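The values are calculated or read from the model by the stated rules, or taken from the named source; none is laboratory data. What you see is a predicted model; the values in this text were computed from it and never measured. As a convention, Cβ positions derive from the backbone with ideal geometry for all residues, glycine included, and neighbour counts pool all protein chains shown.
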Amino acid sequence: MIKTKNLSFVYRKTDEDGGTAVEEEVLREINLTIEKGSFTAILGHNGSGKSTLAKHFNAILLPTGGKVYVKGMDTTDKDSVFNIRQSAGMVFQNPDNQMVAAIVEDEVAFAPENLGVEPKEIRRRVDECLETVNMTKYAQSAPSNLSGGQKQRVAIAAVLAMNPEILILDEPTAMLDPKGRSEVIKTIKMLNREKGITVVLITHYMDEAALADRTVVIDDGEIVLDGTPKDVFRNVEKIKSLGLDVPQVTELAYELRKKGIDISEDVLTVDECFAELLKILGGGAT
Amino acid sequence: MLKDITIGQYIPGSSPLHKMHAPLKIILTILYITVLFFVDSPVSYAIFTVYTVALVLISGVPLKVLLRGVKPMLWIFIFTAILNVFMTPGEIIWSLPIFRFTLKITNEGLAAGVTMAVRLLYLIMGTSLLTLTTSPLQLTDGIEKLLKPLRKIKVPSHEIAMMMTIAIRFIPTLAEETDKIKKAQTARGADFETGNIIKRAKAMIPLLVPLFISAFRRADDLATAMEARCYNGGDNRTRMKESHMTALDVKAIVISILAAAVVLLAEFWT
Ligand SMILES: Nc1ncnc2c1ncn2[C@@H]1O[C@H](COP(=O)(O)OP(=O)(O)O)[C@@H](O)[C@H]1O
Ligand SMILES: [Mg+2]
């Protein structure tokens, strides 16, 4: 679906006092292939280049070195730009800053309108997408009257209205309360599992990353870890040295193991942790 | 305070006024205003009043809501009325000497003051009726359609409409943010309420600077989000809510022209 080949990116900015060009290498030689139907989480601390990478997946930014292919289309190919953006929809962090229209259903209609879709078909898509994210009831509301989680679900619907095959989400839950977070994550999971949409989720919440099929950790513009969440979170020390955390239960298991308790390394969710602890305690108590 | 701006305070409804084709509604509102400025005699004022009241009744917009749009203009109202009452020469009915001036009210002045106030009132009511019965999207779409012929002389009709849409969308967001910053600065001891104009203007700086920084950030984010959804200007763009003229619109045209004709006839023939 998405393939990067030695992708590098350099921001050129002018120095504040001198006016001389300063170059900042944000991405270095990234080679990454995202499979169709997969759910990939991208982790990394602030400023590690996650957003910059994501913006390469739908031709908002173009590589300064290497290539990015989306469904086989080169993102530097000017004729494919709109095809690429339609195939790889993107949701951003701040729900307030990505809404154009003053009414929810108009917001969802924005993308298909841009694509020149027939009015009747737009109407159908808007109704369908609002249904998918469970926001039909709010079709006529103003975005400013919605909660953060509801706004992000509208933002997801607004992207789904392009019929994308890939959904890229750049820290969609960073500004939400726990309730909003869980609404949005549930929606994303459902889209991946039930609608077969390829998901790339950028996040700094470890429990969200643990839900993915694959976790990619980037640091200073480079991929440092890549594998299933279990494989990645096994490297507790390495992850901590990158300024990131592991899921709380993984950390608990790690600390217990350090104390000599024989608990599995592969504990990612509360349920798994509970089962493991029960195994150990069950053996000792009876 | 920013939240009181009437633009965008659309009252959803299903009256004939709500259902009218937006570009036509804009044109007919312009016609209404134009006629209003010819109205002078009591007879034509009476007819015009009947017409306006009829429109308000048809629209189903509560009078209270309609008058809310008048409130911010109250000072302009009073000022204009006073100016007219005291400044129009004519038959003096009341006078008060102050120093070397004489404050006097004339018959003609009184008439002019009342006329002007009523005219302003109707002007605001007419335009409010338009914005209250037309959703912001229909309104901007209507403006875009009306300006379309001017594209030939390089008037960016689509861009103007898009700017208006975004402005309307962001008014509540920015109002909320202003409120938040104001509270935060007040908590730190900033004082926005007291002092002379210069002092108060200075107090606004710690309010405006963060507001502007954040607005630019929002603009940047929004541009990216629009691009990501294949926005490419107005060419080849379709609309979900494509509206067309209906029989209702034809009736509206006939009624409006008739009303205008009757008012103007009353004005110039009597
Ligand atoms: N528009 C920009 N201009 C210049 N530098 C930028 C810009 N956006 C991001 N950067 C720089 O690129 C680096 C990576 O940023 P970003 O991709 O936003 O990281 P993340 O999303 O992981 O927090 C940061 O060091 C940041 O300073
Ligand atoms: Mg980021």
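Each row is one residue, and each column tells you yes or no for (1) without any contact (Cβ under 8 Å) to a residue 40 or more places away in the chain; (2) hydrophobic (A, V, I, L, M, F, W, C); (3) closer than 27 Å to B:S256 by Cβ.
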| residue | (1), (2), (3) |
| --- | --- |
| B:F86 | yes, yes, no |
| B:I93 | yes, yes, no |
| B:A111 | yes, yes, no |
| B:V114 | yes, yes, yes |
| B:R119 | no, no, yes |
| B:E144 | no, no, yes |
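Report, by residue number, each residue of region B:72-82 that is within 17 Å of B:L123 (Cβ to Cβ) and in contact (Cβ under 8 Å) with a residue 24 or more places away in the chain.
From region B:72-82, those within 17 Å of B:L123 (Cβ to Cβ) are B:72-81; that's our starting set.
Answer for region B:72-82, where residues must be within 17 Å of B:L123 (Cβ to Cβ) and in contact (Cβ under 8 Å) with a residue 24 or more places away in the chain: B:P72, B:M73, B:I76, B:F77, B:T80, B:A81.
Counting residues that are at pLDDT below 90, which helices (runs of 4 or more DSSP H) fully inside region B:1-63 reach at least 1?
Numbers: elements: B:16-19, B:22-36, B:42-59.
Fully inside region B:1-63 and qualifying: B:42-59.
What number of residues within region B:224-244 are more than 7 Å from every other protein chain (Cβ to nearest Cβ) and exposed (fewer than 13 other Cβ atoms within 10 Å of the Cβ)?
Quick first cut of region B:224-244, residues more than 7 Å from every other protein chain (Cβ to nearest Cβ) only: B:233-235, B:241, B:243-244.
Still in the running and exposed (fewer than 13 other Cβ atoms within 10 Å of the Cβ): B:233, B:235, B:244.
So the answer is 3.
From the list B:L146, B:L120, B:L137, pick out the single residue that is within 23 Å of B:Y32 (Cβ to Cβ), touching a Lys or Arg at 6+ places or on another chain (Cβ under 9 Å) and either at pLDDT 85 or above or surrounded by 15 or more Cβ atoms within 10 Å (Cβ to Cβ) (or both). Full working, then the answer.
Numbers: B:L146 fails: touching a Lys or Arg at 6+ places or on another chain (Cβ under 9 Å); B:L120 fails: touching a Lys or Arg at 6+ places or on another chain (Cβ under 9 Å).
Checking each option against the conditions leaves just B:L137.
Suppose we filter A:T198, A:T228, A:T173 for residues that are among the polar types (S, T, N, Q) and within 16 Å of ligand 1 (Cβ to nearest atom); which single one remains?
Values: A:T198 fails: within 16 Å of ligand 1 (Cβ to nearest atom); A:T228 fails: within 16 Å of ligand 1 (Cβ to nearest atom).
Testing whether each residue is among the polar types (S, T, N, Q) and within 16 Å of ligand 1 (Cβ to nearest atom) leaves just A:T173.
Can you list the strands (runs of 3 or more DSSP E) found entirely within region A:20-76 that contain at least 1 residues being within 14 Å of chain B (Cβ to nearest Cβ), exposed (fewer than 15 other Cβ atoms within 10 Å of the Cβ) and within 11 Å of ligand 1 (Cβ to nearest atom)? First the steps, then the outcome.
Details: elements: A:21-34, A:39-43, A:65-70.
Per the criteria, no element qualifies.
For region A:139-220, which strands (runs of 3 or more DSSP E) that fit wholly inside it have 3 or more residues that are out of contact with any helix residue (DSSP H, G or I) (no Cβ under 6 Å at 6 or more places or on another chain) and within 16 Å of ligand 2 (Cβ to nearest atom)? I'd like the intermediate steps shown before the answer.
Numbers: elements: A:166-170, A:198-202, A:214-219.
By residue number, A:214-219.
Which numbered condition trips up B:L123, out of (1) within 14 Å of another protein chain (Cβ to nearest Cβ); (2) within 18 Å of the chain's Cα centre (by Cα)?
In the conditions (1) within 14 Å of another protein chain (Cβ to nearest Cβ); (2) within 18 Å of the chain's Cα centre (by Cα), B:L123 misses (1) alone.
For region A:232-286, what are the residues that are in the same structural domain as A:L211 (by TED's automatic domain parsing), within 21 Å of A:D213 (Cβ to Cβ) and without any contact (Cβ under 8 Å) to a residue 12 or more places away in the chain?
Answer for region A:232-286, where residues must be in the same structural domain as A:L211 (by TED's automatic domain parsing), within 21 Å of A:D213 (Cβ to Cβ) and without any contact (Cβ under 8 Å) to a residue 12 or more places away in the chain: just A:N235.
Of the residues that sit in region A:88-117 and are more than 7 Å from chain B (Cβ to nearest Cβ) and of a type in the set (G, A, S), which one is farthest from A:A161 (Cα to Cα)?
Narrowing region A:88-117 to residues more than 7 Å from chain B (Cβ to nearest Cβ): A:88-89, A:91, A:93, A:95, A:104-105, A:107-108, A:112.
Then drop every residue that is not of a type in the set (G, A, S), which leaves A:88-89.
Numbers: A:A88: 12, A:G89: 9 Å.
Filtering first and then ranking leaves A:A88.
State yes or no: is A:K67 of a type in the set (K, R) and within 16 Å of ligand 2 (Cβ to nearest atom)? Outline the logic, then answer.
Working: of a type in the set (K, R): yes; within 16 Å of ligand 2 (Cβ to nearest atom): no.
For A:K67, the condition - of a type in the set (K, R) and within 16 Å of ligand 2 (Cβ to nearest atom) - is not met.
Test of understanding: among A:S147, A:S141, which residue is polar (S, T, N, Q), within 24 Å of the chain's Cα centre (by Cα) and under 22 Å from A:T187 (Cβ atoms)?
Working: A:S141 fails: within 24 Å of the chain's Cα centre (by Cα).
Going through A:S147, A:S141 in turn, just one is polar (S, T, N, Q), within 24 Å of the chain's Cα centre (by Cα) and under 22 Å from A:T187 (Cβ atoms): A:S147.
For every residue, the table says whether it meets (1) out of contact with any Lys or Arg (no Cβ under 7 Å at 6 or more places or on another chain); (2) away from ligand 2 (no atom under 13 Å from the Cβ); (3) not assigned by TED's automatic domain parsing to the domain that holds A:I223.
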residue: A:N6; (1), (2), (3): yes, yes, no
residue: A:Y11; (1), (2), (3): yes, yes, no
residue: A:E29; (1), (2), (3): yes, yes, no
residue: A:G37; (1), (2), (3): yes, yes, no
residue: A:S51; (1), (2), (3): yes, no, no
residue: A:F57; (1), (2), (3): yes, yes, no
residue: A:L61; (1), (2), (3): no, no, no
